[in-house]
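Trainee: The structure follows.
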Amino acid sequence: MSATKGVTLASSLIVSGLLLSGCSWLFGDETEPETPGTEEEVPVDETDTEDPDTDSDEDDPEDEDEAEVDQDITVWFPQLEDTLLDYEGQGNEFAPFTRYPQFVKDDTLQIVESTGGTEIVIIYEYADDEVREVFKRAETYFREDFDDTGLASEQEDFEIILQQPLEEGHSWESPSGSMAEITGINIEKDLPIGNVLTIEVTRSYADGSEVIEYYGENIGLVERVFQVDDDEANNISSTLRTISENRPEEFQLTVYSVDDQAMGLDSTLVKMELYTNDPARLAIADILKGQAPDTETAQVIADGVDINFIYLRQDGVVHADFSVELADMNAGSGVEAMILQGVVNTIGEYYGVEEVLITLDNEPYESGHILMEEGETWSVDHANVN
């Protein structure tokens, strides 16, 4: 305690005596300076005295782990569009990967997760209080709206990714059999993109393995850690490295067009770019018509031809329905057959199938030279490729 100038020894002794007897009060800074030569005691109102070591409730910073978390699941698992998320990896050659949103709808999100070995299409469904992984297809190197084609009918053993309430300790069991628990909230992760507050979800499987995933606000998945055993050095981790907005998904497409001598098919490798919710059929139609960049010399079909729909059937056949103008080629039967073979090879290779069904306004293909039966398909064939 500091004494004011001019306080007498007697006053100091009185103050010291009060402190030793257990009185707690402030002296000096909160009182008016005494007039030199006086020994008057300053009364203290103990009801207004605060413990200097105790902060008020308003000044107490909340513990981060106890801070409230936004309960809107779409905040932690957002439906991003036209955004490429790139993850660096450690512990496995397939740990690095990218994620891209292919189709965004009111209650679903279809993304493609691309590693060095495969491309996996995943569909997430948004329910009132949870996000579910309802469809997963590996080795998918083409753009297809699987929810629209019916191939992504809801699985009985779906995985629950996130579930309300978003609070530490909340746990759930998925129909797939896995157990998940929110093991942390407001966990700060130091990532290549910066510091991000996350929700930590630990998921365990029947085989004893565990996966820890971290979800960042307005980003979604920012880190995934596979715990192989008790040794952390053996963990396999994937960490978000960059976020690239206004980016398309890119595909390599081989186009087969009739050569100048009409003796065979030339192949041209082109790049196809698709943004979120872009159907592949429109881009493929432009490429086949030579209207896309770098495809002018690889035109296969006439400018007035449209693709009404194109999709992969459950039997592994791709059904491509064209407008009737496709049959108006004004070419001999050999050239017409070669043009159709070019269309079949281009579409079949893109989807990775061997059989393609071509129809005209949903009717069997028919022209002056070629008549196909109901359901009759063409096979991908490279016999005439130069």
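The values are calculated or read from the model by the stated rules, or taken from the named source; none is laboratory data. Computed from a prediction, not measured in an experiment: that's the story for all the values here. Because the Cβ atoms are built from the backbone with ideal geometry, glycine has one as well, and the counts that use them run over all protein chains shown. Side chains are part of the model used for accessible areas, which takes the heavy atoms of the whole protein and leaves out ligands, DNA and RNA. Shrake-Rupley method; radii C 1.70, N 1.55, O 1.52, S 1.80 Å.
Trainee: Compute the relative contact order of the stretch 252-363 as a whole-number percentage, counting only Cα pairs closer than 8 Å that sit 6 or more residues apart in sequence.
Mentor: Contact order relative to length: 27 percent.
Trainee: Here's something else I'd like to know. Please compute the contact order of the stretch 210-296 in relative form: average sequence separation of alpha-carbon pairs under 8 Å and at least six residues apart, divided by the residue count, as a percent.
Mentor: It comes to 16 percent, rounded to a whole number.
Trainee: Please report, in whole Å³, the volume per residue of the convex hull around the C-alpha atoms of the stretch 323-371.
Mentor: 77
Trainee: Here's something else I'd like to know. When only Cα pairs under 8 Å and 6 or more residues apart are kept, what is the percent relative contact order across the stretch 138-184?
Mentor: 28
Trainee: If you don't mind, another one. Any idea how far the Cα center of the stretch 156-175 sits from the one of the stretch 276-354, in Å?
Mentor: What the calculation gives is 44 Å, centre to centre.
Trainee: Can you compute the equivalent ellipsoid semi-axes for the stretch 110-230, i.e. the square root of 5 times each eigenvalue of the Cα gyration tensor, sorted largest first and rounded to whole Å?
Mentor: 24, 18, 16
Trainee: Would you mind computing the Rg to Rh ratio of the stretch 153-219 from its alpha-carbon coordinates, Kirkwood style for Rh?
Mentor: On the way: Rg = 13.1 Å, Rh = 12.9 Å.
My calculation puts Rg/Rh at 1.02.
Trainee: Additional query: Leaving out ligands and nucleic acids, and using a 1.4 Å probe, what accessible area per residue does the stretch 96-254 come to in Å²?
Mentor: Averaged over the residues of the stretch 96-254, the accessible area is 46 Å².
Trainee: Under a plain spin-label model, where a point goes 7 Å from the Cα along Cα-to-Cβ, how far apart in nm are T118 and T297?
Mentor: 3.9
Trainee: Right, something else. When DSSP beta bridges are limited to those with both residues in the stretch 249-386, what percentage is antiparallel, rounded to the nearest 5?
Mentor: 75
Trainee: Per Stokes-Einstein, at 4 °C and 1.567 mPa s, what whole-number D in µm² s⁻¹ belongs to the stretch 270-386, with the Kirkwood radius over Cα pairs as the hydrodynamic radius?
Mentor: Diffusion coefficient, whole number: 89 µm²/s.
Trainee: Okay, moving on. Full extension from E139 to E245: what is 0.36 nm times the residue separation minus their Cα-Cα distance, to one decimal in nm?
Mentor: 35.6 nm
Trainee: Give me the percent of the accessible area of the stretch 240-321 that comes from carbon and sulfur atoms, probe 1.4 Å, all protein chains in place. Don't skip to the answer; put the middle values down first.
Mentor: Working: 1730 of 4130 Å².
Ligands and nucleic acids excluded, carbon and sulfur reach 42 percent.
Trainee: Hey, how many Å between the Cα centroid of the stretch 178-192 and the Cα centroid of the stretch 86-142?
Mentor: 19
Trainee: Enumerate the residues in the stretch 202-241 having an amide nitrogen under 15 Å from the point lying 7 Å beyond the Cα of E88 toward its Cβ.
Mentor: 223-224, 237-241
Trainee: Mind listing which GluC sites (Glu not before Pro) in the stretch 78-136 are in a DSSP loop and have 13 or fewer other Cβ atoms within 10 Å?
Mentor: Qualifying residues, ordered by number: E93.
Trainee: Kindly give Rg over Rh for the stretch 190-291, based on alpha-carbon atoms, with the Kirkwood expression for the hydrodynamic radius.
Mentor: Ratio of gyration radius to Kirkwood radius: 1.23.
Trainee: While we're on this one: Quick one: length gained pulling S171 to N384 fully straight, 0.36 nm per residue minus the C-alpha distance? Before the final figure, lay out the partial values.
Mentor: Details: separation 213, 0.36 × 213 = 76.68 nm, distance 5.98 nm.
Value of the extension gain: 70.7 nm.
Trainee: Of all the accessible heavy-atom surface of the stretch 112-169, with the other protein chains kept in place and a 1.4 Å probe, what percent is carbon and sulfur?
Mentor: Carbon and sulfur: 36 percent of the exposed surface of the stretch 112-169.
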